[in-house]
Structures are given as C-alpha cells and as structure tokens.
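**Student:** This is the structure, below, for whatever I ask next.
The values are calculated or read from the model by the stated rules, or taken from the named source; none is laboratory data. Since the structure is predicted, the reported quantities are computational estimates derived from the model, not experimental observations. Here the Cβ positions follow ideal geometry from the backbone for every residue, glycine too, while neighbour counts run over all protein chains shown. Side chains included, ligands, DNA and RNA excluded: accessible areas come from the protein's heavy atoms. Shrake-Rupley method; radii C 1.70, N 1.55, O 1.52, S 1.80 Å.
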Amino acid sequence: MKWEITTEVKSIPSLHHPIFIEGLPGIGNVGKIAVDFLIEELKAAKLHTFFSHKFPHSVFVTNTNLVEMPKIEIYYKKFNNPKRRDILLLAGDIQPIDEESCYAFCEEILALAKKYHCPEIITTGGIGLQSLPEHPKVYCTSNDTALLKEFTAKDLGVQKEIFGIVGPIIGVSGILLGLGRKRQVKGVALLAETFSHPMYLGVKGAQEILRV
C-alpha cells in the first residue's frame, strides 16, 4: 500500500544532522501534545503531508464550522547553526488504523529519515496507569544498545529499567523502532506515565518528555 505524500515547500531544505521526533495520538496523547508544542514553539515549517484511503472514515469540524480531513504531517526547523542539530517533527490527528497500513506508513517514514540523513529517531508515547500520576516518570527503550546507554547514562531523569513495566508498544511509536532496526535506523522511545482514560490529556507526561 502506497501513501500519498505531498511536499509543501518549493525546494527541499538541506538539514544539518537532523533528529527525527515522532508524536502521534496515543495513550493520554502525551506524544502528540509534546510534539505539537515543539512545532508551535519553534515556529516549525510544514514539509510533507500524508494521505491514505486507510485513514479513518471521518472528518473533523473546525472552529470555522467547516469540515477538515484528518492529517499526518512532517515539519522541520532549521537553526542555521553548525553547532546545533536541525529537527524533523512528525505530528498528526490520527494514526494508521490497521496493522498493514501502520507497517506501510512506518516504511515511508524510515525512507524519509534516511533521505534527510537522520542519524536516529525519537518516538514518544504514554504508559497508562489506573490512577493519576502526580510526578510522571519517563521510561526509555531503544533498538540499539549504545543509543539506549547514551540516553540512560546522562542525568536526564530517565528510568533505566523498563522490562516488566511496559507491555507491547503498539502503533507507530513502536513499529518505527522495530522496523528501524531492520532498516539500520537507530531509534529510542520516550514513554511517560499518564492516566489511562480516553478523555484524559496527559499534559504533565508531555512536559516530562519535553524536559528529557
């Protein structure tokens, strides 16, 4: 299955050693909140838009009372500083809704990560708890031993032991790491504790991911 990818700029930017950060909807929407904040705060520019007939069969009603298709987009921030890495940000309203489309989408993302010469990717997500965490912890896992050590060795407040805490990582944030290992793209997942309720927004968890 092919995804329709629209390029939103007249010329493809040349990015310096960019890091790729994913934040799509999930448990508590902690990853989405974090990446949406980065896009707004950094005034990131839209680079690519994705479309597929595998999107959910629904539209959103906007504050202008018009309908809008669900979207997934990639933004970029170029700092024009050789000492500072540029950033690619994957954001959106939805995730692919079935296994086949999730795998196909992740293959497209990894191909783009290689195209832009991203040394590694960061995926984000939530760990659902039965009660509201006052001080959410952030856990880390990876598809590369050295990269995992890099994130857990620094004083970032990241929990080193994740085995037995987190079950299967479902969706793009997990499959990007799994396929990334097969495609020689290193990646790490940052997962924040949040309240496991469909109406709860994990702002505190998103703040902890942003801090890391």
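**Student:** Along the charge dipole of the chain, Cβ charges K/R +1 and D/E -1, which of Thr7, Pro198, Pro18 sits furthest on the positive end?
**Tutor:** Result: Pro18, furthest along the dipole toward the positive end.
**Student:** Alpha carbon centre of segment 159-189 versus segment 90-154: separation in Å?
**Tutor:** Cα centroid to Cα centroid, the span is 6 Å.
**Student:** Given the convex hull of the Cα atoms of segment 111-160, what is a quarter of its surface area in nm²?
**Tutor:** Convex hull of Cα atoms, orientation-averaged projection: 4.9 nm².
**Student:** Here is a further query. Provide the per residue accessible area, probe 1.4 Å, for the chain, rounded to a whole number of square angstrom. Write out the running numbers ahead of the final one.
**Tutor:** Working: 11790 Å² over 212 residues.
Accessible surface, normalised per residue, equals 56 Å².
**Student:** Restricting to Cα pairs below 8 Å that are 6+ residues apart, what does the relative contact order work out to for segment 87-212? Please round to a whole percent.
**Tutor:** 37 percent
**Student:** With a 1.4 Å probe and all protein chains left in place, how much of the accessible area of segment 43-167 comes from carbon and sulfur atoms, in whole percent?
**Tutor:** Here it works out to 54 percent.
**Student:** Taking a temperature of 10 °C and a viscosity of 1.306 mPa s, what whole-number D in µm²/s does Stokes-Einstein yield for segment 61-212 with Rh from Kirkwood over alpha carbon pairs?
**Tutor:** On the way: Rh = 17.0 Å.
Answer, rounded: 94 µm²/s.
**Student:** Using the Cβ atoms and a cut-off under 13 Å, what net charge is assigned to the surroundings of His48, where Lys and Arg are +1 and Asp and Glu are -1?
**Tutor:** Net local charge, His48 excluded: -1.
**Student:** Between Gly31, Gly167, Gly180, find the one with the highest GNM mean-square fluctuation for the chain; connect C-alpha pairs within less than 10 Å.
**Tutor:** Maximum among the listed residues: Gly167.
**Student:** Here is a further query. Given the options Thr124, Thr145, Thr49, state which has the largest fluctuation in a GNM of the chain using a 10 Å cut-off (strictly under) for Cα springs.
**Tutor:** Top of the fluctuation ranking is Thr145.
**Student:** Can you run phi through the Karplus equation (6.51, -1.76, 1.60; θ = phi - 60°) for segment 199-206 and list ³J(HN,Hα) in whole Hz, with x for Gly and Pro?
**Tutor:** After applying 6.51 cos²θ - 1.76 cosθ + 1.60, I find 9, 8, 9, x, 5, 5, x, 5 Hz.
**Student:** Next question. For the chain, what does the helix formula give at 222 nm: sum of -39500 (n - 2.57) over DSSP H segments with n ≥ 4, over the residue count, nearest 500 deg cm²/dmol?
**Tutor:** Numbers: 5 runs with 59 residues, N = 212.
-8500 deg cm²/dmol, from helical runs alone.
**Student:** Using a Gaussian network model on the chain with a 10 Å cutoff between Cα atoms, which of Gly128, Gly28, Gly157 fluctuates the most?
**Tutor:** Result: Gly157 has the largest fluctuation of those listed.
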